[in-house]
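Structure record follows, encoded as structure tokens.
The values are calculated or read from the model by the stated rules, or taken from the named source; none is laboratory data. The structure displayed is predicted, hence computed values, not measured ones. Note that each Cβ is placed from the backbone with ideal geometry, even for glycine, and that neighbours are counted across all protein chains shown. The accessibility values were calculated without ligands, DNA or RNA, using every heavy atom of the protein model including side chains. Shrake-Rupley method; radii C 1.70, N 1.55, O 1.52, S 1.80 Å.
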Amino acid sequence: MTTPRIARSAEFLAASTALVTLFATSPAEAAELPVVTATSETAALYDDEAGGNSDADDPAIWRNAADPGRSLVVATAKEGGLRVYDLRARLVQSLSAPKPPSQDDAPGRFNNVDLVSGLRTSAGRADVAVVSDRGNDRLRIYRIDPSHRGGPMTDITDPSAAPVFSADQAEINDQRTAYGLATWTDKASGRTYALVSRRERTRLALLELVPATGGTVGYRKIRTLDLPSSFRLPDGTSWSPCAEPGELPQVEGMVVDPATGTLYAGQEDIGIWRLRADLTGKPVLVDKVREYGVPGTYDDGTEECTPGADPGYGGKRLSADVEGLTIFQERDGDGYLLASSQGDNTFALYDREVSEDNEYEGGFRIGAASDTLDGVEECDGAAVLNAPLGSRYPRGLLVVQDGRETPEVPDGEGGTRTATGFKFVDLGAVVDATDM
């Protein structure tokens, strides 16, 4: 079941395409970026009743230390739940999202996923996947054990886990709920946290993951932080991105650099923020989207934003939305922050070093490898692992969401089914193409 609120947001997102396209990278600019191709892709997910309302969103890569060639990719499929793939992009396990408390309530909807190695539980240490359940405004925690007979993933969420942001089920149904997610283990204390953003709001929450009875895992809220929703421009005027009335510029893509405890948060219509993962201190805007500062007028009748004249205050490398933040770690401490520039189907690379002020280092595109293995468009989530993964990926792996899977499949009503999926890219090819 899709709630009216979700339906309205989907319509608004589609109607906003004109604004995004206006500021997307020109063909000449995009052509200057190096192009890599995927080595494989998952079977398409279909966001309709026949497909279980499955919509690919965010991946994470789990490395099997005992047998790297048998590592796994854990990925969210929204109402379709959770998918687990092997390194050939073949489905290993599918887990359903929780059912709604009643037929009038919002269903479970898995948005983002991140991993924790060696999390302390009452049953011992465990590798786990942490998922934001936007439909129920909760986190869900899954133990990863490839030897488990029923599949490598087992739900170990504390049944008493409370909503992250909502006071009651009525608020949950409004779907201003847990959205983006990143995990972080504080080296000083050894405590593990999840950082969670709130849909259609600028709020971030820091939640500590805590052991519960019977080997389950719960969480408790430590603090919250609100990013700005309006901005003072160089000409002295105040600006907020155009949006449906009542909505604020939300964050989805997030990642924590484990070496420094630095959180990078992608405020979709604004840019990338850098701040302490404990949500103390002052956030710094690392880079802006091209659309930053552009006025827009929302039309209730058409549910579209009409952009005004560009005052020229935006960035040069990102086209809204900013999505899919992930960290490429090198052994010597160097590396890169990778971001999906969803509006122009490119990926941007920034220096990982805060001392270098996260300087822009270049970018790339993922093009079509063949007629059947297409390129990546409208990427929503990404994960990179710079470590050997057997003979197939000896130099590591990049997994990205593909927001427009091809070839298109007819829906039987004169249109096509909405199809998404995940692409697997040899990280060595990305390094060679970009001189990383």
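By its C-alpha gyration tensor, with a ≥ b ≥ c as the square roots of the eigenvalues, how is segment 156-235 shaped: rounded for a/c under 1.5, else prolate for a/b larger than b/c, else oblate? Oblate, since a/c reaches 1.5 and b/c is not below a/b.
Note on segment 246-319: Cα-only Rg and Dmax are 14.9, 49 Å.
Hey, can you find the accessible area per residue of the chain for me, probe 1.4 Å, expressed in square angstrom?
Working: 18270 Å² over 436 residues.
On a per-residue basis, the chain sits at 42 Å².
Measuring max minus min along each principal axis, the C-alpha atoms of segment 349-436 give extents of 55, 33, 17 Å (largest first).
Evaluated with a Cβ-only charge set (Lys, Arg +1; Asp, Glu -1), segment 344-413 carries a dipole of roughly 560 debye about its Cα centre, given to the nearest 20. With a ≥ b ≥ c taken as the square roots of the eigenvalues of the C-alpha gyration tensor of segment 32-178, please select rounded if a/c is under 1.5 and otherwise prolate if a/b is larger than b/c or oblate if it is not? It is oblate, given that a/c is not under 1.5 and a/b is not larger than b/c. Think of segment 184-245 as having a plus end and a minus end, set by charges on the Cβ of Lys, Arg, Asp and Glu; of Gly190, Phe231, Pro241, Gly190 sits farthest toward the positive end of this dipole.
With a cut-off of 9 Å between beta carbons, the residues surrounding Glu291 carry a summed charge of 0, where Lys and Arg count +1 and Asp and Glu -1. Contact order, relative form, for segment 277-436: 14 percent (alpha carbon pairs under 8 Å, 6 or more residues apart, mean separation divided by residue count). The residues packed around Pro410, meaning those with a beta-carbon under 13 Å from its beta-carbon, carry a net charge of -3 if Lys and Arg are +1 and Asp and Glu are -1. If Lys and Arg each add +1 and Asp and Glu each add -1, what is the summed charge of the other residues whose beta carbon sits under 11 Å from the beta carbon of Gly315? Surrounding charge for Gly315 is +2. Seen from all directions on average, segment 165-301 presents a Cα convex hull projection of 10.6 nm². The distance separating the Cα centre of segment 49-64 from that of segment 171-245 comes to 22 Å. Shape descriptor for segment 272-393: Rg over Rh equals 1.04 (Cα atoms; Rh from the Kirkwood inverse mean 1/r). P(r) for segment 58-144, from all Cα pairs and a bin width of 10 Å, is 18, 45, 29, 7, 1 %, short bins first. Could you work out what % of the accessible surface of the chain is carbon and sulfur, using a 1.4 angstrom probe and leaving DNA, RNA and ligands out of the count? Carbon plus sulfur share of accessible area: 46 percent. Each residue, Ala167 and Leu91, gets one label point 7 Å from its Cα in the Cβ direction; the gap between the two is 4.2 nm. Residue-wise HN-Hα couplings along segment 328-338, as the Karplus relation 6.51 cos²θ - 1.76 cosθ + 1.60 with θ = phi - 60° gives them from phi, are 8, 9, 9, 4, 7, x, 6, x, 9, 9, 9 Hz; Gly and Pro carry x. Taking the Cα centre of the chain as reference, the dipole from Cβ charges on Lys and Arg (+1) and Asp and Glu (-1) amounts to some 1940 debye. Taking the chain as the region of interest, the number of lysine pairs whose Cα atoms are within less than 28 Å, with members eight or more places apart or on different chains, is 12.
With both labels modelled 7 Å from their Cα along Cα-to-Cβ, the Asp174 to Asp186 distance reads 3.1 nm.
Over segment 45-88, what is the relative contact order in percent, taking alpha-carbon pairs closer than 8 angstrom and at least six residues apart? Present the calculation step by step, with values, prior to reporting the outcome.
On the way: 83 pairs, mean separation 14.7, N = 44.
Here the relative contact order equals 33 percent.
Want the number for Asp235 to Ser355: 0.36 nm per residue separation, take away the alpha-carbon distance, what's left?
On the way: separation 120, 0.36 × 120 = 43.20 nm, distance 2.94 nm.
Going from the current span to full extension adds 40.3 nm.
Extension gain, Ala43-Asp300: 0.36 nm per intervening residue step, less the Cα-Cα distance, totals 88.8 nm.
Overall, the anisotropy analysis places the chain in the rounded class: the square-rooted eigenvalues a ≥ b ≥ c of its C-alpha gyration tensor yield a/c less than 1.5.
Assuming R0 = 22 Å, what is the FRET efficiency of Val210 and Asp155, from their Cβ-Cβ distance, to the nearest 0.05?
On the way: r = 17 Å, r/R0 = 0.76.
Step by step, r from the Cβ atoms, then E = 0.85.
In a simple Cβ point-charge model (Lys, Arg +1; Asp, Glu -1; nothing else charged), segment 173-266 has a dipole of about 380 debye relative to its Cα centre. So, in Å, what gap is there between the alpha-carbon centers of segment 128-162 and segment 274-347? Comparing the Cα centres of segment 128-162 and segment 274-347, I get a distance of 30 Å.
From the Cα trace of segment 299-342, what convex hull volume per residue do you get, rounded to a whole Å³? Each residue corresponds to 96 Å³ of Cα convex hull volume.
Spin-label model, Val35 to Ser391: label points 7 Å out along the Cα-to-beta-carbon direction sit 3.1 nm apart.
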